[in-house]
Amino acid sequence: MPTKNTLYISYDGMTDPLGQSQVLPYLCGLSKKGYRISLISAEKPHLYTLNKSIIEKICAEYEIKWHPIKYTKSPPILGTLLDINKIKKIALKLHKSQSFSLVHCRSYIPSIIGLFLKKKYKIPFIFDMRGFWVDEKVDGKIWKMANPLYRFIFYFMKQREKDFFKTADRIISLTNKAIPVIQRILEKKENPQNITVIPCCVDVNHFSRNLADDSIKRNWENTLGITEKDYILCYLGSLSTWYLPKEMLLFFKTFQKIVPHAKFLIITTEEPDSFLALAKFLGVDVEKLIFTSSKRKELPALLSICNSSVFFIKPAFSKIASSPTKLGELLSMGIPVICNTGIGDTDEMIKASHSGVICNSFDEDEYKRCTLQLLKIEKEMDVQLIREKAIELFNLENGVDTYANVYQELVLRNDDKAHSLK
């Protein structure tokens, strides 16, 4: 019987929305398949205070051993080094008592510890890259390359990236588009055999138009002043860093010329002031903009009000490795989308599912073309077929099964090596 003690390290907190949607559901599924999971995560103090009991309850139910540390925000670089050291100490202590059969690291910072454990104890190491993180820091202008310190960190982490790719027993990529770049980093002409592609999956049973609560939907409509005559174009998620509010507002301005009864519903936790100021500057009718936020439980009912959705992401090299979670959530609801080209495998997914329009440039003529094409698609589309394609592409259960197959292969391989050394 292979040992199934596994260590999962995340620098994203479980009390963050991301941790609750993109980490815990997978770990709960893997726990149900018999893996004994120890979880180390870095928690932001205010979110930890708010949501600690929720995460503890989930972990207790699925027998996940949670070992949170306090995320150190400042000083920025020193704080990260302190966090790495804290995580490393916990990981070493846990390994001595549990003898892990594999370590699964979410993104680059946790992989520094995973690489250490691999080299010191020969523990199979999964590099779950979640995108080209180092390049994202530069493309997003978070690391200013004019600063010598950030230049040093960039080149240091690019070398670690190469180490992660070369040393990992399995690389998890969100997209197929990232594979040729990984090939170049590994200096291989052929596709590396240790790469598995798993896009950002969603709970398709939760994001279901048929299961959305009608009473909650009516309450949203009354609260937001939405009537049956309104056409609702929505945006879901963060408006900062990678997203393009100016371009989305200009798209809506063009959209409204063709669909005068349209309103733009922005579902976000961010404050609306800067977005509304930008809208006024661009000449967008702010009376047609609706801001709100939603708890996860009520989000499907809110989305069921929407006719279509738009999201524009800053085009950059690093985005070929991105998989927007919102895409799976929207398509699972049967909502067609308009998004810009060049974001991971999004182009191919939308074309395969006939579920929306790809915007090739940010100008009024292209916005008009996209609007007219979307309206044509809406007349011909089958909501259920879009949902079925979303289930095929983004179903959480499929993602869990793929991770489980990777776990089983690496755990068995590790056990075989251990037996051969006896």
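Any read-out appearing in this document is the output of simple, stated calculations on the displayed coordinates, not a laboratory observation. This is a predicted model, so every value here is computed, not measured. With ideal geometry, Cβ positions are generated from the backbone for all residues, glycine too; neighbour counts draw on all protein chains shown.
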Can you work out ³J(HN,Hα) from phi for every residue in the stretch 86-97, in order, using Karplus 6.51 cos²θ - 1.76 cosθ + 1.60 and θ = phi - 60°, giving whole Hz and x for Gly and Pro?
5, 5, 4, 4, 5, 4, 5, 4, 5, 5, 4, 8
If the only charges are +1 at each Lys and Arg Cβ and -1 at each Asp and Glu Cβ, what is the size of the charge dipole of the stretch 214-394 around the Cα centre, to the nearest 20 debye?
140 debye
Of Met157, Leu174, Ser21, which is farthest along the charge dipole of the chain in the positive direction, counting Lys and Arg as +1 and Asp and Glu as -1 at C-beta?
Met157
Return Cys59, Cys234 ranked ascending by Cβ neighbour count within 10 Å, so the fewest neighbours appear first.
Cys59, Cys234
Cα point-scatterer Debye curve for the stretch 275-336, base-10 log of I(q)/I(0) at q = 0.16, 0.17, 0.24 Å⁻¹
-0.77, -0.85, -1.10
What are the trypsin sites (Lys or Arg not before Pro) within the stretch 220-277 that DSSP puts in a loop, where the Cβ has at most 16 other Cβ atoms within 10 Å?
Lys229
Calculate how large, on average over all directions, the projected area of the Cα convex hull of the chain is; give the answer in nm² to one decimal.
21.9 nm²
Lone cysteines in the chain, going by a 4.7 Å Cβ-Cβ cut-off?
Cys28, Cys59, Cys105, Cys200, Cys201, Cys339, Cys359, Cys370
What is the dipole size for the chain, taken about its Cα centre, with +1 at each Lys and Arg Cβ and -1 at each Asp and Glu Cβ, in debye to the nearest 20?
1940 debye
Only helices counted: for the chain, with every DSSP H run of 4 or more residues adding -39500 (n - 2.57) and the sum spread over all residues, [θ] at 222 nm is -16000 deg cm²/dmol
May I ask for the Kirkwood hydrodynamic radius of the stretch 129-173, worked out over all distinct Cα pairs and given in angstroms to one decimal?
11.2 Å
I want to verify the translational diffusion coefficient of the stretch 322-377 in µm²/s; compute it with Stokes-Einstein, Rh as the Kirkwood radius over Cα pairs, at 10 °C and 1.306 mPa s.
138 µm²/s
Put +1 on the Cβ of every Lys and Arg and -1 on every Asp and Glu Cβ in the chain; which of Thr292, Tyr8, Asn405 then has its Cα farthest towards the positive end of the dipole?
Tyr8
Cross-link reach from Lys379 to lysines, straight Cα distance under 26 Å and at least 8 residues apart if same chain, gives Lys217, Lys229, Lys253, Lys257, Lys263, Lys288, Lys326, Lys351, Lys368, Lys389
Can you put His354, His206 in order, fewest other beta carbons within 10 Å first?
His354, His206
Within the stretch 113-161, report the trypsin sites (Lys or Arg not before Pro) that DSSP leaves as loop and that have at most 14 other Cβ atoms within 10 Å.
Lys122, Lys141, Lys144
What is the Å³ per residue value for the convex hull set by the Cα atoms of the stretch 131-209?
134 Å³
I need to check one value: relative contact order of the chain, counting alpha carbon pairs closer than 8 Å and at least 6 residues apart, in percent.
16 percent
Taking θ as phi - 60°, what are the ³J(HN,Hα) couplings along the stretch 45-53 by the Karplus curve (6.51, -1.76, 1.60), each to the nearest whole Hz, with x for Gly and Pro?
x, 5, 6, 4, 4, 5, 10, 3, 5
Provide the descending list of Cα extents for the stretch 227-310 along its principal axes, expressed in whole angstroms.
35, 32, 19
Output the direction-averaged projected area (hull surface divided by four) of the convex hull of the alpha-carbon atoms of the stretch 214-394, in nm².
9.9 nm²
List the residues, sorted by chain then number, that are 5 or more residues from Phe291 or on another chain and whose placed amide H is less than 5 Å from its amide H.
Ile266
From the phi angles alone, apply the Karplus equation (6.51, -1.76, 1.60; θ = phi - 60°) to the stretch 302-314 and give each ³J(HN,Hα) in whole Hz, x where the residue is Gly or Pro.
5, 5, 5, 6, 7, 8, 7, 9, 10, 8, 10, 10, 4
In whole µm²/s, the translational diffusion coefficient that Stokes-Einstein assigns to the stretch 214-273, given a Kirkwood hydrodynamic radius over C-alpha pairs, 20 °C and 1.002 mPa s, equals 166 µm²/s
Out of Tyr231, Asn205, Pro272 - ranked by how far each Cα lies towards the positive end of the dipole of the stretch 196-286, with unit charges on the beta-carbon of charged residues - the top one is Tyr231
